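The values are calculated or read from the model by the stated rules, or taken from the named source; none is laboratory data. These numbers were taken from a predicted model, which means no experiment stands behind them. Cβ placement follows ideal geometry from the backbone for every residue including glycine, while neighbour counts extend to all protein chains displayed.
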Amino acid sequence: MTVREGWQGRFFEDFEIGDIYKHGLGRTIIQADNIWFTLLTQNTARLHFDAHYAEQTEFGRPLVNSAFTLALVTGQSVNDVSYNVMANLGWDDVRLPHPLFEGDTVYSSSEVLNLRESKSKPDVGIVTVRTTGTNQDGTVVITFDRTVMVYRRGFGPTQGPTTK
């Protein structure tokens with residue numbers, strides 16, 4: 001039997017400006033996702049959880065909470081972008097050009113925009129990506145730039161228990 005290591009994620013040295021990562025998992029949004037996230041975050045905008053209210057808007061149905069959209073698309077990018085993260089430094093230029101609805105499926109990709117060495121921490125580098133989330137029709141529902149500190153290869157915590 002051959003034992004093979006699983007995905008170890010990208011380290012700072014693995015990123016190149018211009019690379020595009022098509023994140024592997026899509027996610028269909030269900031009503032429970034939207035309602036739970038909205039209530040968990042104490043968002044009282046009725047547009048997310050009151051179907052009767054939402055029917056009276058130009059959308060005609062509940063909108064998915066935009067903070068959920070940001071969290072989901074960020075999560076979809078982790079395996080490719082921040083699996084070996086030391087710290088998330090922030091999101092910039094978050095845009096939501098088209099609404100996301102319950103029943104839509106979200107897919108995402110990220111493009112590497114910038115790389116630089118950390119001035120204060122020699123064991124990490126700083127990576128900036130632009131991430132785009134689309135629905136099942138390919139319509140863009142969110143874009144944002146995200147900056148993370150990623151460990152260099154050989155630094156940072158170990159991936160799990162070592163067995164022989």
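Okay, residues lined up against (1) touching a strand residue (DSSP E or B) at 6+ places or on another chain (Cβ under 9 Å); (2) at pLDDT 95 or above; (3) in a helix (DSSP H, G or I); (4) among the hydroxyl-bearing types (S, T, Y):
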{"position": "G24", "(1), (2), (3), (4)": "no, no, no, no"}
{"position": "F59", "(1), (2), (3), (4)": "yes, yes, no, no"}
{"position": "S77", "(1), (2), (3), (4)": "yes, yes, yes, yes"}
{"position": "D92", "(1), (2), (3), (4)": "yes, yes, no, no"}
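Candidates in the range 49-83 are the residues that are among the aliphatic types (A, V, I, L, M) and under 28 Å from Y151 (Cβ atoms); of these, the one that is nearest to the chain's Cα centre (by Cα) is V73. Contact map, the range 40-57: first residue more than 22 Å from A71 (Cα to Cα), second residue charged (D, E, K, R) and in a loop (DSSP other than H, G, I, E, B), Cβ cut-off under 9 Å, separation 6 or more or different chains; pairs are A51/R61; A54/R61; E55/R61. In the set (1) of a type in the set (S, T, N, Q); (2) at pLDDT 95 or above; (3) in a loop (DSSP other than H, G, I, E, B), the condition left unmet by S110 is number (3). Say we look at the range 113-122 and pick out the residues that are at pLDDT below 95 and not hydroxyl-bearing (S, T, Y); which of these is farthest from V150 (Cα to Cα)? Checking each candidate, the answer is K119.
E102 meets each of the listed conditions (1) of a type in the set (D, E, K, R); (2) surrounded by 15 or more Cβ atoms within 10 Å (Cβ to Cβ); (3) more than 19 Å from S66 (Cβ to Cβ) apart from (3).
Cβ-Cβ distances below 8 Å connect the following pairs, each with a first residue in the range 66-93 that is farther than 17 Å from V124 by Cα, a second residue that is basic (K, R) and surrounded by fewer than 22 Cβ atoms within 10 Å (Cβ to Cβ), and a separation of six or more residues or different chains: L72/R27; Q76/R27. Considering each residue of the range 132-139 in turn, none proves to be at pLDDT 95 or above, surrounded by 12 or more Cβ atoms within 10 Å (Cβ to Cβ), in contact with a Lys or Arg (Cβ under 6 Å, 6 or more places away or on another chain) and not aliphatic (A, V, I, L, M). Of everything in the range 6-32 that is within 19 Å of V124 (Cβ to Cβ) and touching a Gly at 6+ places or on another chain (Cβ under 9 Å), the residue that is surrounded by the fewest Cβ atoms within 10 Å (Cβ to Cβ) is E13. Of everything listed in (1) farther than 15 Å from R10 by Cα; (2) part of a strand (DSSP E or B), the single unmet condition for Q136 is (2).
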